[in-house]
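Enquirer: Pasting a structure below so you can have a look.
The values are calculated or read from the model by the stated rules, or taken from the named source; none is laboratory data. Model, not experiment: these values are computed from the prediction. For neighbour counting, all protein chains shown are included, and Cβ atoms are generated from backbone atoms with ideal geometry for every residue, glycine included.
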Amino acid sequence: MDFEPNRPIWLQVMNALETDIVTGRRPPGDKLPGGRELALHYSINPNTAARVYQELEKAGLCETRRGLGTYVTEDQTRIRALRMELAQNAARDFLNRMETLGLSPAEISALLWKQEE
């Protein structure tokens, strides 16, 4: 993973795992890699990996089972809510970028719905 220099690494790793969870690449109940394994996979400090799991747990996306590891939540409602939140953020970012380019709402709509010929 190539990290963006202007965003905290733990947040970027957390966002990658969130995407894996909402897309089903990490299904509900899936065991997440241990902290050291996560650190090795992303070439990050083990303390950073621990922070990632702390934040995911705070967000209700995973749970740590003492002696067993960390698992993706089975709370489908929470996963669906996160999926919609990520989609809304992506849409907002897209619309902001289109406005920056000077496109009107009608031009944006035409761009989105244009049929390929």
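Enquirer: So, in the stretch 10-21, of the ones that are surrounded by fewer than 19 Cβ atoms within 10 Å (Cβ to Cβ) and touching a helix residue (DSSP H, G or I) at 6+ places or on another chain (Cβ under 9 Å), which residue ends up farthest from Y53 (Cα to Cα)? So that I can check it myself, show each step before the final result.
Expert: Within the stretch 10-21, the subset surrounded by fewer than 19 Cβ atoms within 10 Å (Cβ to Cβ) is 11-12, 15-16, 19-20.
Add one more test, that the residue is touching a helix residue (DSSP H, G or I) at 6+ places or on another chain (Cβ under 9 Å), and what stays is 11-12, 15-16, 19.
On the way: L11: 11, Q12: 12, N15: 11, A16: 12, T19: 14 Å.
In this case the residue turns out to be T19.
Enquirer: Please specify each residue of the stretch 44-68 satisfying the condition of being hydroxyl-bearing (S, T, Y) and either at pLDDT 95 or above or part of a helix (DSSP H, G or I) (or both). If you could, list the steps in order and put the result at the bottom.
Expert: Looking only at the stretch 44-68, we keep the residues that are hydroxyl-bearing (S, T, Y), and these are 48, 53, 64.
Answer for the stretch 44-68, where residues must be hydroxyl-bearing (S, T, Y) and either at pLDDT 95 or above or part of a helix (DSSP H, G or I) (or both): T48, Y53.
Enquirer: Could you figure out which of (1) touching a strand residue (DSSP E or B) at 6+ places or on another chain (Cβ under 7 Å); (2) part of a helix (DSSP H, G or I) isn't true of Y71?
Expert: (2)
Enquirer: In this structure, is A39 outside any loop (DSSP other than H, G, I, E, B), surrounded by 13 or more Cβ atoms within 10 Å (Cβ to Cβ), touching a residue at least 12 places away in the same chain (Cβ under 8 Å) and among the small types (G, A, S)?
Expert: On the way: outside any loop (DSSP other than H, G, I, E, B): yes; surrounded by 13 or more Cβ atoms within 10 Å (Cβ to Cβ): yes; touching a residue at least 12 places away in the same chain (Cβ under 8 Å): no; among the small types (G, A, S): yes.
The answer is no for A39.
Enquirer: G29 fails exactly one of the following numbered conditions: (1) assigned to a helix (DSSP H, G or I); (2) in contact (Cβ under 8 Å) with a residue 40 or more places away in the chain. What is the number of that condition?
Expert: Going through the list (1) assigned to a helix (DSSP H, G or I); (2) in contact (Cβ under 8 Å) with a residue 40 or more places away in the chain, G29 breaks only (1).
Enquirer: Would you be able to say whether some residue in the stretch 101-113 is over 16 Å from the mean Cα position of the chain (by Cα), modelled with pLDDT of 95 or more and either buried (at least 16 other Cβ atoms within 10 Å of the Cβ) or part of a helix (DSSP H, G or I) (or both)?
Expert: No, the stretch 101-113 has no match at all.
Enquirer: With respect to L17, determine if the residue is in a helix (DSSP H, G or I) and touching a strand residue (DSSP E or B) at 6+ places or on another chain (Cβ under 9 Å). Walk me through how you get there before you give the answer.
Expert: Values: in a helix (DSSP H, G or I): yes; touching a strand residue (DSSP E or B) at 6+ places or on another chain (Cβ under 9 Å): yes.
It is true that L17 is in a helix (DSSP H, G or I) and touching a strand residue (DSSP E or B) at 6+ places or on another chain (Cβ under 9 Å).
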